[in-house]
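Asker: The structure's right below; bear with me while I get my questions together.
The values are calculated or read from the model by the stated rules, or taken from the named source; none is laboratory data. Model, not experiment: these values are computed from the prediction. Cβ placement follows ideal geometry from the backbone for every residue including glycine, while neighbour counts extend to all protein chains displayed.
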Amino acid sequence: SARLTSGQIFTAMLRVATGGKVHSYVDLALGELTAHKVMTLFAQGAAISKAVTVAEITKRRIRGLHQNTQIGLSAATADSTPTITIVLSLHPLDASQPGYSPSTPNFMSHTSRYTR
């Protein structure tokens, strides 16, 4: 259980790997968003495209998700592996941040059993 100070928001971190199944990651993301209203997807290298797919499917399943995407390089290895961090939130995120994507209007989303 994470301890939060005043003003902090708990965010679950889901690390996406090349060997995992997209539908499994989507199910985990939906569960975390239902419980915590915000979550973070993280991937490196070849798993980046899978993380983007998971985020897009999740956004179509839950209406009103805001997204902030950050790309970078991992300094942990000598070869600087590319990374992506995608924050998905039912609450508005900072629109001034590069990588911010507002929620999709309800009329553009697919009908789903997962709603706010």
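Asker: If you take the residues of region 16-56 that are of a type in the set (S, T, N, Q), over 15 Å from Gln67 (Cβ atoms) and at pLDDT 95 or above, which of them is surrounded by the fewest Cβ atoms within 10 Å (Cβ to Cβ)?
Answerer: Ranking the qualifying residues of region 16-56, first place goes to Ser24.
Asker: Please verify whether Leu73 is more than 19 Å from Val54 (Cβ to Cβ) and at pLDDT 80 or above, treating the condition exactly as stated.
Answerer: The answer is yes for Leu73.
Asker: Let me ask something else. Based on this model, can you work out whether Lys59 counts as among the charged types (D, E, K, R), in contact with a Phe, Trp or Tyr (Cβ under 9 Å, 6 or more places away or on another chain), in a helix (DSSP H, G or I) and farther than 15 Å from Gly99 by Cα?
Answerer: no
Asker: Within region 9-50, how many residues turn out to be outside any helix (DSSP H, G or I), touching a residue at least 12 places away in the same chain (Cβ under 8 Å) and of a type outside the set (Ser, Thr, Tyr)?
Answerer: Residues flagged as outside any helix (DSSP H, G or I), touching a residue at least 12 places away in the same chain (Cβ under 8 Å) and of a type outside the set (Ser, Thr, Tyr) within region 9-50 amount to 16.
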